[in-house]
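What follows draws every value from the coordinates through simple rules; no lab data is involved. Because the structure is a prediction, the values reported are computed rather than measured. Don't worry about glycine lacking a Cβ; one is built from the backbone with ideal geometry, like all the others, and counts go over all protein chains shown.
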Amino acid sequence: MQRGILGQYHVTDAGAFYSQQDAWMTPNDPVDQGQGTGSLQPPYYLTLQAPGQSKPSFSIYSTFIPRSTGESSRNVLTGYFVADSDAGNQDGKISKNYGKLRLLTLPRTTIVPGPGQVQNNFNSDSEVSKLLNILRQGSTKVLNGNLLTLPIGGGLLYVQPVYIQSTGETSFPLLKKVLVAFGDKIAFEDNLDSALNALFDGDSGSGGNNPPPVDPGQTQAEKLATALAQAKQAMLDKDAAMKAGDWTAFGKADARLKAAIEAALAASQK
C-alpha cells in the first residue's frame, strides 16, 4: 500500500503531480516467466547499508519504474524504496528508526536498467540460453529465483539464483546457477563467488565459513568482489544457524555480514 501511494505522491511540484509526468509504479515481477499473471515484484528483506545510512540495518526493499504506456521507458529504474524493519536493539527497546521510510531517487541523466530489462538481458543472452537449454534436458525444469537489486559500488548489482527441479512428486528445487549483472555486464556461473569473479574480472576470495580478509594489494574491483563474497557466505551461515536454532552462531554470522557490507561500501567509494 505504501509503495503504491508513494509512486504518485513522491513529487512536490503541483504541475508534475497533475500531469503525472513523473508518476512511478512497482514493476511487474520479472520472475513471472511469461505466465501473464501480472503480479507485482514482491519486496525483499536485506541487511545492508543503503545510501544515506551510516551503518547496515535490516530493511525491506522495493524498486520503482516510470508509470508510462511506453514499453521502453518501463525498463528504466527511477526509485529505490527502503523501509527500516529492525524492530529492536541490544537494550530490548524499539528502535527509533523502526518503520522509517527512505526513498532513493535516481538522477534523470542516469539510465539504470530496471528489473524487467535485466531479466530480459538474462533471457536473451546466447550463452545463458544455451546453458539453460542444457539444464532443461531430461525430466528437469528450470526455476528463476527472486531478482534482487543491491545498491553497491556506485551502481546497482542484480543477483538472481537459478534452480533446477525434477518433475517427480517428491522433488524439491536445487540451486544450480547464479546470474549477476552490474552495468551492462552479466555473468552466469555455478555459484555467487564464481559469478562475481567473472563479473568483476577478479578473485572474490571466498573460502568457506571463514572467508579470508581483503588483501590490501587487490584492485578496488577485487576488494569489492571479495567483500560481496564474504557477505554471501555470512548470509548462508545466518540462514543455516537460524534453521538449526543456534542463535550464538546466528549473531556471529550477522556481525560478519555487517563487516563485509561495510568493506564493500568502503571499496566502492574509493
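How do Ser126, Ser95 rank when sorted from fewest to most other Cβ atoms within 10 Å of their own Cβ?
On the way: Ser126 7, Ser95 16.
The fewest-first ordering by Cβ neighbours comes to Ser126, Ser95.
Once the Cβ-Cβ distance between Lys96 and Gln8 is put in as r, and R0 is 35 Å, what FRET efficiency do you end up with, to the nearest 0.05?
On the way: r = 28 Å, r/R0 = 0.81.
Efficiency, rounded to the nearest 0.05: 0.75.
About the Cα centre of segment 2-190, how large is the charge dipole given +1 on each Lys and Arg Cβ and -1 on each Asp and Glu Cβ? Please answer in debye to the nearest 20.
Details: 15 positive and 14 negative charges, 45 e Å.
Using only the charged Cβ atoms, the result is roughly 220 debye.
Going by how many other beta carbons lie within 10 Å of each one, how would you line up Leu196, Leu175, fewest first? Spell out each step's value before the answer.
Values: Leu196 30, Leu175 13.
Ascending number of Cβ neighbours within 10 Å: Leu175, Leu196.
Quickly work out the Asp86-to-Thr167 label distance, labels modelled 7 Å from Cα along the C-beta direction, and quote it in nm with one decimal.
Roughly 4.8 nm, to one decimal.
Let me know the shape class of segment 2-190, please: from the alpha-carbon gyration tensor, a ≥ b ≥ c as square roots of the eigenvalues, rounded when a/c is under 1.5, otherwise prolate if a/b is greater than b/c, or oblate.
On the way: a/c = 2.02, a/b = 1.37, b/c = 1.47.
The shape class here is oblate.
At what distance in nm do the modelled label points of Gln137 and Met1 sit from each other, each positioned 7 Å from its Cα along Cα→Cβ?
Using points 7 Å along Cα→Cβ, the separation is 5.2 nm.
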